[in-house]
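Notes for the one structure printed next.
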Amino acid sequence: MATSSSTPAPALSAPARQRPRQDRGAGPGVTFGRVLKSEWIKITTVPSTVILIACTVVVMVGLAALFAWSLTIMAQSVGDANAPSGFQPPPDGPESVAGQVLTVPSSGLAFGQLLIASLAVVLIASEWTTGMIRSTMIAVPKRIPALLAKAVIIAGVAFLVGFGSALVSYLVAQPILAGEDLGFALTDDNVLASIINTGTFLALVAVISMAIGILLRNTAGGVVTAVGVFFVLPIIVQLISGLADWIPKAARFLPADAGNQMVAITTADDALTQWEGGLVMGAWALVLLVLALVAAKKRDV
């Protein structure tokens, strides 16, 4: 009986065993643009954040519409002999109906300021609370670019919220004011600058609040501190302003007071102008952000 024998396969030579590899050049790696894109995705893909931002816009526009409606009622009372004298606004000046009408686009700023400050603190401080900051620093080993990207994105979102809300508020208020012939144009008395600065103010509020969140690394503590700086501190200063003459003068340089001057249509003789208020707010944001970045670089994650 014949036996079948298998012929062994010839051994492959070294060049044959090596498969040609496609030469792939190294990618650009971690760039600041990619970090910005990742932070943008973080914000826009979290439903709660998107809903909060949308609610901020809706409420700011709604408050402006209510304020416009209340001004039409005040306008109707002017010249009415039966109206209480305390209810009638002065006929001229910034406290008159015509003067207050120009502030309608930015009238919802206080609410937007509260939510943007809280959102900025939560977005950064929650990463330390949950430990997600470690993943961020692994993906972006250099801490300063990572934190700067967060600051740029939250400031950009805050600017769009403020500017967009003020512009929509202007458009919504015009039909309401037209009933009492109180409509006004964007080119009137610094109105357009006030609308733009509404967004700029909220952007600087976001940077200051984010810096507070980095320094404290605690969500609750950061929110309370931000609210205290923008809302509680001005009230305290106002209560004690009569104790010394220098207190009201120094209060002009607080973030809240300087920020309010950014959106002011008219300014008093002893008050900061729009530009001066913007410079003061910018200085606060820059100093706190630098301190936060230095602290984040030196401290453990």
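The values are calculated or read from the model by the stated rules, or taken from the named source; none is laboratory data. All figures in this text were calculated on a predicted structure; none of them were measured in a lab. Cβ placement follows ideal geometry from the backbone for every residue including glycine, while neighbour counts extend to all protein chains displayed. These area figures cover heavy atoms from the full protein model, side chains too; ligands, DNA and RNA do not enter into them. Shrake-Rupley method; radii C 1.70, N 1.55, O 1.52, S 1.80 Å.
When Thr187 is tested against (1) in contact with a helix residue (DSSP H, G or I) (Cβ under 9 Å, 6 or more places away or on another chain); (2) open to solvent by 50 Å² or more (accessible area, probe 1.4 Å); (3) not in a helix (DSSP H, G or I), just one condition goes unmet, and that condition is (1). In segment 195-217, the residues that are within 10 Å of Ala155 (Cβ to Cβ) reach residues that are polar (S, T, N, Q) with C-beta atoms within less than 7 angstrom, at least six apart or across chains, in these pairs: Leu202/Gln113; Val205/Gln113. Inside segment 38-53, residues that are out of contact with any helix residue (DSSP H, G or I) (no Cβ under 6 Å at 6 or more places or on another chain), within 18 Å of Ala149 (Cβ to Cβ) and either of a type in the set (Ser, Thr, Tyr) or in a helix (DSSP H, G or I) (or both) make up a count of 5. Considering segment 36-75, and only residues there that are open to solvent by less than 30 Å² (accessible area, probe 1.4 Å) and polar (S, T, N, Q), the residue that is nearest to Leu177 (Cα to Cα) turns out to be Thr72.
Table: residues versus (1) open to solvent by less than 40 Å² (accessible area, probe 1.4 Å); (2) in contact with a Lys or Arg (Cβ under 9 Å, 6 or more places away or on another chain); (3) within 25 Å of Ile208 (Cα to Cα).
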{"site": "Ser106", "(1), (2), (3)": "yes, no, yes"}
{"site": "Ile154", "(1), (2), (3)": "yes, no, yes"}
{"site": "Leu171", "(1), (2), (3)": "no, no, no"}
{"site": "Ala178", "(1), (2), (3)": "no, no, no"}
{"site": "Leu182", "(1), (2), (3)": "yes, no, no"}
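Conditions tested, residue by residue: (1) under 23 Å from the mean Cα position of the chain (by Cα); (2) of a type in the set (Ser, Thr, Tyr); (3) within 25 Å of Gly162 (Cβ to Cβ).
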site	(1), (2), (3)
Ser96	no, yes, no
Phe111	yes, no, yes
Leu115	yes, no, yes
Leu119	yes, no, yes
Leu123	yes, no, yes
Trp128	yes, no, no
Ser135	no, yes, no
Lys142	no, no, no
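Against the list (1) modelled with pLDDT of 95 or more; (2) within 30 Å of Ser70 (Cβ to Cβ); (3) of a type outside the set (Lys, Arg); (4) in contact with a Leu (Cβ under 9 Å, 6 or more places away or on another chain), the condition Ile208 fails is (2). Among the numbered conditions (1) part of a helix (DSSP H, G or I); (2) open to solvent by 20 Å² or more (accessible area, probe 1.4 Å), the only one that Gly259 does not meet is (2). Criterion first (out of contact with any strand residue (DSSP E or B) (no Cβ under 8 Å at 6 or more places or on another chain), buried (at least 18 other Cβ atoms within 10 Å of the Cβ) and in a helix (DSSP H, G or I)) does Ala220 satisfy it? Criteria not met by Ala220.
Condition first: surrounded by 15 or more Cβ atoms within 10 Å (Cβ to Cβ), under 30 Å from Ile154 (Cβ atoms) and at pLDDT 80 or above. Can you find one or more residues in segment 24-33 that meet it? No, the conditions are met nowhere in segment 24-33. Taken together, Leu272, Leu293, Leu288 contain a single residue that is open to solvent by less than 50 Å² (accessible area, probe 1.4 Å), assigned to a loop (DSSP other than H, G, I, E, B) and among the hydrophobic types (A, V, I, L, M, F, W, C), which is Leu272. Looking at this structure, is Pro234 modelled with pLDDT under 90, closer than 27 Å to Val157 by Cα and either of a type outside the set (S, T, N, Q) or over 22 Å from the mean Cα position of the chain (by Cα) (or both)? Spelling it out, Pro234 is indeed modelled with pLDDT under 90, closer than 27 Å to Val157 by Cα and either of a type outside the set (S, T, N, Q) or over 22 Å from the mean Cα position of the chain (by Cα) (or both).
Every residue, every condition in (1) farther than 25 Å from Gly99 by Cβ; (2) over 24 Å from the mean Cα position of the chain (by Cα); (3) modelled with pLDDT of 90 or more, yes or no:
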{"residue": "Gly213", "(1), (2), (3)": "yes, no, yes"}
{"residue": "Ala226", "(1), (2), (3)": "yes, no, yes"}
{"residue": "Gln238", "(1), (2), (3)": "no, yes, no"}
{"residue": "Gly278", "(1), (2), (3)": "no, no, yes"}
